[in-house]
Amino acid sequence: MRVYVNGEAKELSGSISLAELVTQLDLPATRIAVELNRAVVRRSDWSATVLHDEDRLEIVHFVGGGSV
Amino acid sequence: MSTAIQARSGETLIIANREFTSRLIIGTGKYRSYDQMREAHTASGAEMVTVAVRRVPLDRSSESFLDHLDPALQILPNTAGCYSAEDAVRTARLAREALQTDLVKLEVIGDPTTLFPDNEQTLEAARVLVKEGFVVLPYFNDDLIMAKKLLDAGCAAIMPLAAPIGSGLGVQNPANLRIMREQLPDATIIVDAGVGTASDAAVAMELGADAVLMNTAIAEAQDPAKMATAMKLAIQAGRLAYLAGRMPKRLYASASSPLTGNIK
């Protein structure tokens, strides 16, 4: 199945949880946040959140910036 | 502010029950290196810094930018780069989830050339975020009526611009800031954007701003740490001058020495 992470298509071999996806992507475990189909998923719910075909995820972190 | 000066002025900056000694809030962008950013942050005496939210890169492992900040600093996530209320609200929610903070510097931009805020979208986003329990600090045009609407919506402070973001032009409309101060005596007013050098920050404070938020003026200075120190002092000086109450302006001279008793 296919999901979109930050606009990029990712082929997944089977149904996995959001927590597993974060691990597979080798992302830092802290101070990131995830939105699944435009709704924030609390970190405590990552393990129980199973991804589906065509899901759209936004995974963000923090960068330097003042305005715009 | 040194303890002595602070004791004399007897006041701190309070934003939604958080108390700050420094009235300078600074950004984290445009520095030439992390070391330079840290030195500038330390020199500024700022206790709160703002950071932007962006997609995490998937093609490389990235260290957390936040690791380069002094852990003692209060982090103020912003919605920089958002062009709609909806995107700003989504960004704020993500920031809260990642940082477990309810503080947000709300920015909804209306135009890429001027980076002027879209006041209508900003107000819409502010209403949603306040309802969701955020402490909302909105960037907006220096307009009294908009300021009132943002405060009515429940914003904890209001952040009028002094000039376009990153322009360094200084306070372009001092009358607007002065009117805002006079008409909204209880509001927390943080001048955000447009400061170029220390005197600009002092002017903002003399007009009655409670604090100033800046990024480029420090980051793009030849020596950011030195400029950060200058900004710290300018903000203290401007605040004290505001509290002291300046003399009235006169068109003609007014002698400081007695007008009688001169030798003949």
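State which helices in chain B qualify, where a helix is a whole DSSP H run, it must extend 20 Å or more along its own axis by its Cα atoms, and its mean Kyte-Doolittle hydropathy must be at least -0.5. Please list the in-between numbers first.
Numbers: long enough: B:85-99 (21 Å, -0.26); B:224-244 (29 Å, 0.60).
Span-like helices, by this rule, are B:85-99, B:224-244.
Within the shell of other residues whose beta carbon sits under 13 angstrom from the beta carbon of B:Tyr139, the net charge comes to -4, with Lys and Arg scored +1 and Asp and Glu -1. The equivalent ellipsoid of the protein assembly as shown has semi-axes of 44, 20, 16 Å, largest first, where each one is the square root of 5 times an eigenvalue of the Cα gyration tensor.
Contact order, relative form, for chain A: 44 percent (alpha carbon pairs under 8 Å, 6 or more residues apart, mean separation divided by residue count). Size estimate for the stretch B:33-182 follows the Kirkwood approach: the inverse of mean 1/r over distinct Cα pairs works out to 16.4 Å.
Evaluate the Debye formula for chain B with equal point scatterers sitting on the alpha carbons, no solvent, and hand back log10 of I(q)/I(0) at q = 0.09, 0.12, 0.17 Å⁻¹, in q order, two decimals. Relative scattering, expressed as log10 I(q)/I(0), comes to -0.41, -0.70, -1.40.
Modelled this way, with points 7 Å down the Cα-to-C-beta line, the labels at B:Leu259 and A:Leu25 are 7.7 nm from one another.
The GluC sites (Glu not before Pro) found in the stretch B:144-230 include none that occupy coil by DSSP while having at most 10 further C-beta atoms within 10 Å.
When you restrict to C-alpha pairs under 8 Å that are six or more residues apart and normalise by the size of the stretch B:1-150, the relative contact order lands at 16 percent. Charges were assigned to the Cβ only: +1 to each Lys and Arg, -1 to each Asp and Glu. The resulting dipole of the stretch B:77-134 about its Cα centre is roughly 220 debye.
Between B:Gln183 and B:Asn141, the FRET efficiency estimated from the beta carbon spacing at R0 = 22 angstrom works out to 0.90. Could you tell me which of the pairs B:Lys105/B:Lys226; B:Lys149/B:Lys249; B:Lys148/B:Lys249; A:Lys10/B:Lys105; B:Lys105/B:Lys148 are separated by over 22 angstrom between their Cα atoms in the structure shown? Correct reply: B:Lys105/B:Lys226; B:Lys149/B:Lys249; B:Lys148/B:Lys249; A:Lys10/B:Lys105. Note on chain B: GNM, Cα springs under 10 Å; of B:Asp70, B:Asp186, B:Asp142, the largest mean-square fluctuation is that of B:Asp186. In the elastic network of chain B, a GNM with C-alpha springs shorter than 10 Å, the most mobile of B:Val191, B:Val53, B:Val136 is B:Val53. Here the alpha carbons of the stretch B:119-260 define both size measures, Rg and Dmax, at 17.3, 69 Å.
Relative contact order for chain B: what is it in percent, counting Cα pairs under 8 Å that are at least 6 residues apart?
19 percent
None of the figures in this text is laboratory data; all of them are computed from the coordinates on show. Everything numeric here is computed off the predicted structure, so don't read it as measured data. With ideal geometry, Cβ positions are generated from the backbone for all residues, glycine too; neighbour counts draw on all protein chains shown.
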